[in-house]
Amino acid sequence: MSGYKRVKRVFDVTASLSGLLVASPIMLLAAVALKLESKGPVFYSSPRVGEGYKTFGMIKFRSMYTNADKQTELMKKLNQYQQNGVIESESKGCPFCEMLNRPCSPMLVNDNETICENSFIMRKDTMKPAAFFKISNDPRVTRVGKFLRLTSIDELPQLFNILKGDMSLIGNRPLPVYEAEKLTTDHAIERFNAPAGLTGLWQVTKRGKETVSEQERVELDRTYAKKFSFKTDVLILLKTIPALFKQENV
């Protein structure tokens, strides 16, 4: 471990302990709200790929319905249905809403096909495959979960990951395995030379922007991996709080 990495680790432990102490009332309220709204655990552990392709379980407040992982696979099938010309039945309801255990609403007519609005959103947002996978207006997200995401409260449990040493306070965001597997070029894998972080250069630079390309994200991650230092981390930390108040479109 290099000299700065030792300093960075000491700071991470101190900051995560302090953060957990200060944020504990907010985290308690979030846990109660999640339990009152929907069934399932309060926390969600997602397999993520960090520095040096190390895989670990990243902890977040659960913001989706409990079967969201299965729904992710279903979204891919829904996209395939559209390409193959398969039409869903109006009377039976779409498989997505059946999995959510709720009625389809509202019904839309698209290219002479009657489909549920939730299915339409999934099809529209998954048409273009990319390394970074994100859906706007995701119907898998609960109402409480949407608020937790907008305020970034859902990220607070990652302070436990920082305390364990899985992550750093500042670094490149750890990626889901299916996203990391798509970044295989010598150019792209340089982003994995940096610690996995709770906040980072990409978040403070592009949060609130209307569109962010996959290439832009990779370039920002590579930039941090090549140049991260005490000065860089301090600047990112100072920009993080203002960035939280920007609407997230990235």
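Extending 7 Å from Cα along the Cβ direction at Ser213 and again at Leu20 yields two label points whose distance is 4.2 nm.
The gain in end-to-end length when the Phe147 to Lys35 segment is fully stretched comes to 38.9 nm, 0.36 nm per residue minus the alpha carbon separation. Phi-derived couplings, Karplus 6.51 cos²θ - 1.76 cosθ + 1.60 at θ = phi - 60°, listed residue by residue for the stretch 29-40: 4, 5, 5, 5, 4, 5, 5, 6, 7, 8, 6, x Hz, with x used for Gly and Pro.
Cross-link check: pairs Lys35/Lys164; Lys54/Lys182; Lys8/Lys239; Lys164/Lys206; Lys39/Lys60; Lys5/Lys227 evaluated at a Cα-Cα cut-off of 21 Å; pairs beyond the cut-off: Lys35/Lys164; Lys164/Lys206. Rounded to the nearest whole Hz, the Karplus-based 3J(HN,Hα) values (6.51 cos²θ - 1.76 cosθ + 1.60, θ = phi - 60°) of the stretch 194-201 follow the sequence 9, x, 6, x, 6, 9, x, 4, with x at glycine and proline.
We did not get these values from a lab; they are worked out from the coordinates using the rules stated. The shown structure was predicted, so the numbers you read here are calculated from the model rather than taken from an experiment. Note that we place each Cβ from the backbone using ideal geometry, even for glycine, and neighbour counts take in every protein chain shown.
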